[in-house]
Amino acid sequence: MTASTVFFLLLIVACPLMMMFMMRGGHGHGGPAHGHGDSASEQKSPEPTSAAELRRRRDELDRLIDERKAEEESPTRFGGGWR
């Protein structure tokens with residue numbers, strides 16, 4: 001094998017190895033505590049502890065959905081025309 005072939009093969013093998021290092025070895029396994037988490041997951045409320053709490057949350061969401069539907073169905077006047 002020529003030197004250029006060996007160099008080319010090393011380059012081909014190095015790319016996946018570097019990718020594996022960058023994706024796993026370089027970041028560690030700390031999760032959001034190290035600043036790699038998205039802000040939506042960091043603001044998540046704690047999990048409910050009971051079925052009653054889940055029912056309360058479902059009732060609240062149903063109420064909000066009903067309010068939103070009522071707002072969307074009611075005619076609103078904007079700029080001289082009905083929406």
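Condition check: of a type in the set (A, V, I, L, M), modelled with pLDDT under 90 and either surrounded by 10 or more Cβ atoms within 10 Å (Cβ to Cβ) or outside any loop (DSSP other than H, G, I, E, B) (or both). Does residue 70 satisfy that?
Details: of a type in the set (A, V, I, L, M): yes; modelled with pLDDT under 90: no; either surrounded by 10 or more Cβ atoms within 10 Å (Cβ to Cβ) or outside any loop (DSSP other than H, G, I, E, B) (or both): yes.
Answer is no for this residue.
Pairs needed: first member in segment 37-58, of a type outside the set (Lys, Arg); second member anywhere, modelled with pLDDT of 70 or more and open to solvent by 70 Å² or more (accessible area, probe 1.4 Å); C-beta distance under 7 Å; at least 6 residues apart or different chains.
As it stands, the answer is 48/54; 48/57, since those pairs meet every condition given.
For (1) of a type outside the set (D, E, K, R); (2) within 23 Å of the chain's Cα centre (by Cα); (3) at pLDDT 90 or above; (4) not in a helix (DSSP H, G or I), each residue gets a yes or a no:
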residue: 9; (1), (2), (3), (4): yes, no, yes, no
residue: 18; (1), (2), (3), (4): yes, no, no, no
residue: 33; (1), (2), (3), (4): yes, yes, no, no
residue: 53; (1), (2), (3), (4): no, no, yes, no
residue: 58; (1), (2), (3), (4): no, yes, yes, no
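The values are calculated or read from the model by the stated rules, or taken from the named source; none is laboratory data. On a predicted model such as this, the values are computed, not experimentally measured, just so you know. As a convention, Cβ positions derive from the backbone with ideal geometry for all residues, glycine included, and neighbour counts pool all protein chains shown. Remember, those area values only see protein heavy atoms, side chains included, never the ligands or the DNA or RNA. Shrake-Rupley method; radii C 1.70, N 1.55, O 1.52, S 1.80 Å.
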